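Here is the structure we will look at.
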Amino acid sequence: MTLDVEDLSVSFPAGPVLEGVSLSLARGEIVGLTGSSGAGKSLLAEALAGALPPGAVRTGRIAVDGEPAGPGAVALAPQRLDALDPLAPVGRQIGRFARLCNRRADPSGALASVGLPAGAARLYPHELSGGMARRALLATALATGADWIVADEPTVGLDEEAGGRVLSVLARLAASGRGVIVISHDLVGLARIASRVVILRGGRHVETAPAGAFAQGGTALREAFTRQLWQAQPALARPGGEAAC
Ligand SMILES: Nc1ncnc2c1ncn2[C@@H]1O[C@H](COP(=O)(O)OP(=O)(O)OP(=O)(O)O)[C@@H](O)[C@H]1O
């Protein structure tokens, strides 16, 4: 019961941006995805969801339980807040995604699951704060009922409490048997919630580190680049930072 990405590459006319990336995700598992800026994390997420931008050419295989992943198999909560339709209230957008996947639309339920009030369903994207918009994007992904969820920077712009609630939602999804990929620069947070963390650099896979490898200063991490990323984490500079992982 896995989502398998094998030898995935994405190119634009100007050249390749992802080259030969492979990863796997089991149902019930959270895998983290991190790396340098521009490493190709969002494009990998878009490739998984079948939502690459125009001009992108993908090669490689994305399979669910050994079969090519069909449309709607993977739901994406994108990083870009402008992915919300500026001309439709949030509730209508959630309903649209649910119906696309033949699910009953329950905008209030989807919003409540990410900690937003039912009244947010009537609001247009320009009436939302950045943190509300980020949670609304996650609600649209959850409304699809997909077994595989990719959340691209789901806690950026959220205060600690709201961010913690979003991470709890993702943990509950995994506990209910979904497979979840969380993209974040917050490696401390990823090491806390994910079983493994995939590291990308410049469009290539660097290593897949088990969460336990981040303990004790990251000495068990295989690659120097991953150790550098880990040691540069601002949260580690706080008293007791590593102990929290
Ligand atoms: N539509 C596009 N056309 C051409 N190049 C693109 C396009 N979208 C992304 N890229 C390029 O692909 C590379 C990877 O971009 P991507 O957004 O996936 O990076 P990322 O790892 O998510 O970065 P960040 O951590 O900064 O969000 C970048 O060099 C970017 O310029």
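Please treat every number below as a calculation from the coordinates, not as lab data. This one's a predicted model, so the numbers in the text were calculated from it and none came from an experiment. As a convention, Cβ positions derive from the backbone with ideal geometry for all residues, glycine included, and neighbour counts pool all protein chains shown.
If we sort 62-74, 173-185, 130-142, 45-57 on the protection proxy, mean other Cβ atoms within 10 Å, highest first, what's the order?
Numbers: 62-74: 14.7, 173-185: 20.4, 130-142: 23.8, 45-57: 16.4.
Ranking, from highest mean packing down: 130-142, 173-185, 45-57, 62-74.
Need one number: convex hull volume per residue for region 109-170, Cα atoms only, in Å³.
For region 109-170, the hull spanned by Cα atoms encloses 78 Å³ per residue.
Measuring from centroid to centroid over Cα atoms, what is the spacing of region 72-90 and region 101-177 in Å?
11 Å
How large are Rg and Dmax for region 2-137 when calculated on the C-alpha trace, in angstrom?
Expressed in Å, the Cα Rg and Dmax of region 2-137 come to 16.5, 45.
So how much slack lies between Asp106 and Leu87, counting 0.36 nm per residue of separation and subtracting their Cα-Cα distance, in nm?
4.9 nm
Placing +1 at every Lys and Arg Cβ and -1 at every Asp and Glu Cβ, with all other atoms neutral, what dipole size does the chain have around its Cα centre, in debye to the nearest 20? Present the calculation step by step, with values, prior to reporting the outcome.
Details: 23 positive and 22 negative charges, 74 e Å.
Once rounded to the nearest 20, the dipole reads 360 debye.
Roughly speaking, what is the stretch gain from Ala51 to Glu161, that is 0.36 nm per residue apart minus the C-alpha to C-alpha distance, in nm to one decimal?
Extra length available between Ala51 and Glu161 comes to 36.5 nm.
Let a ≥ b ≥ c be the square roots of the eigenvalues of the Cα gyration tensor of the chain; is it rounded (a/c under 1.5), or, if not, prolate (a/b larger than b/c) or oblate?
oblate
Is region 32-98 best put as rounded, prolate or oblate by its Cα gyration tensor, with a ≥ b ≥ c the root eigenvalues, rounded for a/c under 1.5, and otherwise prolate when a/b is larger than b/c, oblate when not?
Since a/c reaches 1.5 but b/c is at least a/b, the shape of region 32-98 is classed as oblate.
Classify region 135-245 from the C-alpha gyration tensor, please: rounded if a/c falls under 1.5, else prolate or oblate depending on whether a/b exceeds b/c.
prolate
Please compute the Kirkwood hydrodynamic radius over region 69-128, one decimal place, Å, based on all pairs of different Cα atoms.
12.2 Å
Stretched out fully, how many nm does the piece from Gln231 to Ala175 gain, at 0.36 nm a residue minus the Cα gap?
Separation in residues times 0.36 nm, less the Cα-Cα distance, equals 17.2 nm.
If each of Glu67 and Glu6 carries a label point 7 Å out from its Cα toward its Cβ, how far apart are those two points in nm?
Reported label-point gap for Glu67 and Glu6 is 1.7 nm.
For labels at Arg96 and His126 in the simple 7 Å Cα→Cβ model, what's the distance in nm?
1.7 nm
Which percentage, to the nearest 5, of the DSSP beta bridges contained in the chain is antiparallel?
55 percent
Quickly estimate the mean residue ellipticity at 222 nm for the chain, helices only: each DSSP H run with n ≥ 4 gives -39500 (n - 2.57), and the total goes over all residues, rounded to 500.
On the way: 7 runs with 71 residues, N = 245.
Per the formula, -8500 deg cm²/dmol.
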